[in-house]
Amino acid sequence: MIDVIVLGAAAGGGFPQWNSAAPGCVAARTRQGAKARTQASIAVSADGKRWFILNASPDLRQQIINTPALHHQGSLRGTPIQGVVLTCGEIDAVTGLLTLREREPFTLMGSESTLQQLADNPIFGALDPEIVPRVPLVLDEATSLMNKDGIPSGLLLTAFAVPGKAPLYAEAAGSRPDETLGLSITDGKKTLLFIPGCAQITPDIVERVAAADLVFFDGTLWRDDEMIRAGLSPKSGQRMGHVSVNDAGGPVECFTPCTKPRKVLIHINNSNPILFEDSPERKDVERAGWTVAEDGMTFRLDTP
């Protein structure tokens, strides 16, 4: 069994973004046709009691408060969070680690590049490595997700490289092959994929998606020049390291033959029209078999 909770579904900045009066943000703020979302993260568990967090968004404190399954019971202090797995070193994937700095043990996992980026920034020293051990992930090698008591959780994690880019603050150093990860989590019978950032859909990714049971995939933009057209940014989706949902080579086109998994778009930017519940674009992705992620959504992969 794999239980999944969507802690946050939006891209960096959240939805609504704090400084935006764009139509989507206004609609989310006034609750007229679009639901607010915090920044992208999910929680996974094999028993519904002990949880692993995939990406620590800046909104993690509020996400924990909003999620009863992540509330501590019993002793004066503690947490059901056993570990955090990072797919990259982007600000919206790592900042929430600072929320977890109260000398609470858990395991922090990520690529060597991402862990080095954290090590290079002294603020993350607030997470004492003797209390929060940092475990580098070896690409394409399955590893058991271990509970804090040293007992295997029942979940196996495999990290694999996907096309992406270095975080903005680290671009001067250039990108490395393990800069952006996809995560595969299995209980031996069912498989979940988490790919919240991807600059190009390769044949390997298509093959992985086709074999999975549940896929969370990069839904940042509807079209590559979306933010430029809206006057929100000079950057294209490709410049930001994201393939676009409806463009040629995007997930709607590339994963149409993948009929086995339930497909969910996550890490959705505030400019993306699929956030409007009655938009033509929302209806298009739903007809194509996609779910648009919302905070608090739950999924269960169970074997009859």
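Values computed for the structure shown
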read-out: Residue-normalised accessible area of the range 123-224, given per residue in Å² at a 1.4 Å probe; value: 43 Å²
read-out: For the range 32-170: Kirkwood Rh in Å [reciprocal of mean 1/r, alpha carbons]; value: 15.7 Å
read-out: By average C-beta atoms within 10 angstrom, highest first, the peptides 29-37, 113-121, 195-203; value: 195-203, 113-121, 29-37
read-out: Taking all pairs of distinct alpha-carbon atoms in the range 226-266, Kirkwood radius in angstrom; value: 11.7 Å
read-out: Cα gyration tensor shape of the chain, rounded if a/c is under 1.5, else prolate or oblate by comparing a/b with b/c; value: rounded
read-out: Peptides 227-240, 77-90 ordered by average Cβ neighbours within 10 Å, highest first; value: 77-90, 227-240
read-out: P(r) weight above 20 Å for the range 1-114, C-alpha pairs, percent; value: 44 percent
read-out: Carbon/sulfur fraction of accessible area - the range 174-304, other protein chains in place, 1.4 Å, %; value: 49 percent
read-out: Spatially near lysine pairs across the range 185-296, Cα under 16 Å, sequence gap of 8 or more or different chains; value: 4
read-out: Dipole magnitude of the range 95-195 about its Cα centre (Cβ charges: Lys, Arg +1; Asp, Glu -1), debye to nearest 20; value: 240 debye
read-out: Karplus-derived 3J(HN,Hα), 6.51/-1.76/1.60, for each residue of the range 150-161, Hz, glycine and proline x; value: x, 8, x, 6, x, 10, 10, 10, 10, 9, 9, 6
read-out: Overall dimensions of the range 240-297 by Cα: Rg and Dmax, Å; value: 11.2, 31
read-out: Scaled radius of gyration (Cα, divided by 2.2 N^0.38 Å) that the range 70-132 gives; value: 1.14
read-out: Antiparallel bridge percentage (DSSP; both residues within the range 47-166; nearest 5); value: 25 percent
read-out: Prolate/oblate/rounded label for the range 158-230 (Cα gyration tensor, a/c 1.5); value: oblate
read-out: Rounded Å value of the spacing that divides the Cα centres of the range 118-137 and the range 234-303; value: 33 Å
read-out: Contact order normalised by residue count of the chain, Cα under 8 Å, 6+ apart, percent; value: 19 percent
read-out: Principal axis dimensions, the range 89-240 - Cα atoms, whole angstrom, descending; value: 51, 40, 23
read-out: Fraction of accessible area attributable to carbon and sulfur, the range 8-137 (%, probe 1.4 Å); value: 54 percent
read-out: Point-charge dipole on Cβ atoms (K/R +1, D/E -1) for the chain, about Cα centre, debye to 20; value: 660 debye
read-out: Beta bridges by DSSP in the chain, antiparallel share as percent, to the nearest 5; value: 50 percent
read-out: Leading residue at positive end of dipole, the chain (Cβ point charges), from Met227, Leu60, Pro136; value: Leu60
read-out: Semi-axis lengths, Å, the range 168-304, gyration tensor of Cα atoms, sqrt of 5 times eigenvalues; value: 25, 20, 13
read-out: Approximate spin-label separation Ser236-Ala21, in nm, with each point projected 7 Å along Cα-to-Cβ; value: 3.1 nm
read-out: Estimated distance in nm for a label pair at Glu286 and Arg300, the labels positioned 7 Å out from Cα along Cα-to-Cβ; value: 2.4 nm
read-out: Pairwise label distance in nanometres, Arg77 with Asp47, each label 7 Å out on the Cα-Cβ vector; value: 2.4 nm
read-out: Per residue accessible area of the range 14-102, 1.4 Å probe, in Å²; value: 45 Å²
read-out: Within the range 1-96, percent of DSSP bridges classed antiparallel, to nearest 5; value: 65 percent
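The values are calculated or read from the model by the stated rules, or taken from the named source; none is laboratory data. Owing to the predicted nature of the structure, the values given are computational and were not obtained by experimental measurement. For neighbour counting, all protein chains shown are included, and Cβ atoms are generated from backbone atoms with ideal geometry for every residue, glycine included. All accessible areas refer to the heavy atoms of the entire protein, side chains included, with ligands and DNA or RNA removed. Shrake-Rupley method; radii C 1.70, N 1.55, O 1.52, S 1.80 Å.
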